[in-house]
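The values are calculated or read from the model by the stated rules, or taken from the named source; none is laboratory data. Every value quoted in this text rests on a predicted model; they were computed, and no experiment measured them. All Cβ positions, even for glycine, are placed from backbone atoms using ideal geometry, and neighbour counts span all protein chains on display.
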Amino acid sequence: MRKHRGDRVIAIMTFVLLMAGLIIIYAIGPMRANFLNAAYGGNISESHFFTRQLVNVLLSIVAFVVAFKVPYEKIRKYGKWVLVLGLVLSAGLWVLAKAGSGLAKCELGACRWINIGSFGSLQPAEFLKLGLVLYLSQLAASRKAEGKLNKSDFWLPAGVFSLLSLFFVVVVQKDLGTGVVLIAIILATIFASGVELKRFALVCAGILVAAVFVTVTSPHRVERVRTFLNGEGADTYHIENAMMAIGTGGLTGVGVGNSVQATGYLPESINDSVFAIMGETFGFLGLTMVVALFVVMLMRVLKVAELGADEEKRLVAVGVFAWIAVQMAVNIMAMTGLIPLTGITLPLLSYGGTSMMFVTVALGLVTQLSCYTKRERELKQVKFSNSHLKKGRLHESTSSRRG
């Protein structure tokens, strides 16, 4: 299939969202720095978070371009190894945390990052997201071509890698929010590949039972569910302040630099709670615009999945769609009290480098795949056929006149 112009809308939406995130970090970064200095006696400069986020954005733009330019056939060779690397890093993080090493960065009893010195920290779970998208897409496409999609040749390796990924993220790292994203990637890819519905239903039932089990056996998760149902508990403060921030913003917001919640009232104001801070700063209209940007971008990704050049490329786009859509939805719903509170970043907008870079890599890859969608080929074929048809009719008309 010939290469044609890619979907520029995905690239534009990605860039606009990155800029919006940079603006909000510029607005609340000094407040966050002052709060941390006052609370922990630090000496963080007011420009610290903005400077770091600017570097993250620039690196993410480079990552997007690289993922767009490097041919997919080269990238796909490393799909399985990205997943294996994520599992190795997750296992290494577990060992480091057990050993009490300073290389394991732990917060609120959860160890999810590996310290890499002045470069910040690395989150192994992001490797697992991209790795699962690439690996499951390749596996499902190849097994489907061989007629083995509903046999152990597919289910055994897919199940092993999926369960290992979920074990490290949900059980070891205690990150149910990211676990939900991984489940979305797994289920979306399997369903879109065309497996038997009975087998798919069994997988869904198994995941549901496992989700209930890991929730009821974890005191802090039970507490979050109780808070969500009764409005009382340890997380009430977080939810109330998030809702207060959104409510205070009104229609147009309080303006850049005027946020009150960012001064230390709302936990994780530059990470998990950035949506609420954006509501306070830019108001209902600002939040509507942010959601609209995500929706437009995701619809274009879904279009790439619909018109994928082949089964594997189609499934890659499906996996990326599920990844970003569910991560966005879980963050927003948690901040608005629609689901129990869970810690997960808002794609492209929250402070942090690892998540942002992997999301832009995924979007850059989908933009590259949009250069090989079927529609363009079909349109060219129709135009070619119409052109020849017109020439044929003209020739017949000319011949009849001569006759």
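Of everything listed in (1) closer than 27 Å to Val359 by Cβ; (2) surrounded by 14 or more Cβ atoms within 10 Å (Cβ to Cβ); (3) out of contact with any His (no Cβ under 9 Å at 6 or more places or on another chain); (4) of a type in the set (A, V, I, L, M, F, W, C), the single unmet condition for Val256 is (2). When you check Ser60 against the structure, is it part of a helix (DSSP H, G or I), over 25 Å from Arg8 (Cα atoms) and modelled with pLDDT of 90 or more, yes or no? Criteria not met by Ser60.
In this structure, does His4 turn out to be touching a Lys or Arg at 6+ places or on another chain (Cβ under 9 Å), without any contact (Cβ under 8 Å) to a residue 24 or more places away in the chain and surrounded by fewer than 20 Cβ atoms within 10 Å (Cβ to Cβ)?
Working: touching a Lys or Arg at 6+ places or on another chain (Cβ under 9 Å): yes; without any contact (Cβ under 8 Å) to a residue 24 or more places away in the chain: no; surrounded by fewer than 20 Cβ atoms within 10 Å (Cβ to Cβ): yes.
Answer is no for this residue.
No other residue among Leu346, Leu293, Leu338, Leu302 is surrounded by fewer than 20 Cβ atoms within 10 Å (Cβ to Cβ), touching a Phe, Trp or Tyr at 6+ places or on another chain (Cβ under 6 Å), modelled with pLDDT of 85 or more and not small (Gly, Ala, Ser) apart from Leu302. Would it be correct to say that Leu130 is closer than 25 Å to Gln53 by Cα and not in a loop (DSSP other than H, G, I, E, B)? Yes, satisfied. Of all residues in region 111-130, exactly one satisfies the criterion of being small (Gly, Ala, Ser) and touching an Asp or Glu at 6+ places or on another chain (Cβ under 8 Å), namely Ala125. If you go through region 1-44 and keep only what is touching a helix residue (DSSP H, G or I) at 6+ places or on another chain (Cβ under 7 Å) and β-branched (Val, Ile, Thr), you end up with Val9, Ile10, Thr14, Val16, Ile24, Ile25, Ile28, Ile44.
Return yes when Gly109 is of a type in the set (Gly, Ala, Ser), surrounded by 15 or more Cβ atoms within 10 Å (Cβ to Cβ) and in contact (Cβ under 8 Å) with a residue 24 or more places away in the chain and no when it is not. Even if it seems obvious, please write down each step before you answer.
On the way: of a type in the set (Gly, Ala, Ser): yes; surrounded by 15 or more Cβ atoms within 10 Å (Cβ to Cβ): no; in contact (Cβ under 8 Å) with a residue 24 or more places away in the chain: yes.
Considered against the rule, which asks whether it is of a type in the set (Gly, Ala, Ser), surrounded by 15 or more Cβ atoms within 10 Å (Cβ to Cβ) and in contact (Cβ under 8 Å) with a residue 24 or more places away in the chain, Gly109 comes out as no.
Among the candidates Leu139, Leu163, Leu187, Leu156, single out the residue that is crowded, with 22+ Cβ neighbours inside 10 Å and either part of a helix (DSSP H, G or I) or among the hydroxyl-bearing types (Ser, Thr, Tyr) (or both).
Leu139
Within region 7-45, being of a type outside the set (Gly, Ala, Ser), surrounded by 14 or more Cβ atoms within 10 Å (Cβ to Cβ) and over 18 Å from Gly353 (Cα atoms) holds for Asp7, Val9, Ile10, Ile12, Met13, Pro30, Met31, Asn34, Phe35, Leu36, Asn37, Ile44.
Being crowded, with 23+ Cβ neighbours inside 10 Å, of a type in the set (Gly, Ala, Ser), under 16 Å from Met333 (Cα atoms) and at pLDDT 90 or above is the requirement here; does Ala276 meet it?
Yes.
Flag not set for Lys69, criterion: loosely packed, with under 13 Cβ neighbours inside 10 Å, among the charged types (D, E, K, R) and closer than 29 Å to Phe167 by Cα. Please give the number of the condition Lys129 fails out of (1) out of contact with any Phe, Trp or Tyr (no Cβ under 8 Å at 6 or more places or on another chain); (2) modelled with pLDDT of 95 or more. Checking Lys129 against (1) out of contact with any Phe, Trp or Tyr (no Cβ under 8 Å at 6 or more places or on another chain); (2) modelled with pLDDT of 95 or more, the one that fails is (1).
Residue pairs whose Cβ atoms lie under 9 Å apart, separated by 6 or more positions or on different chains, with the first residue in region 299-327 and at negative phi and the second aromatic (Phe, Trp, Tyr) and buried (at least 22 other Cβ atoms within 10 Å of the Cβ), are Val301/Phe321; Leu302/Phe321; Val304/Phe321; Ala305/Phe321.
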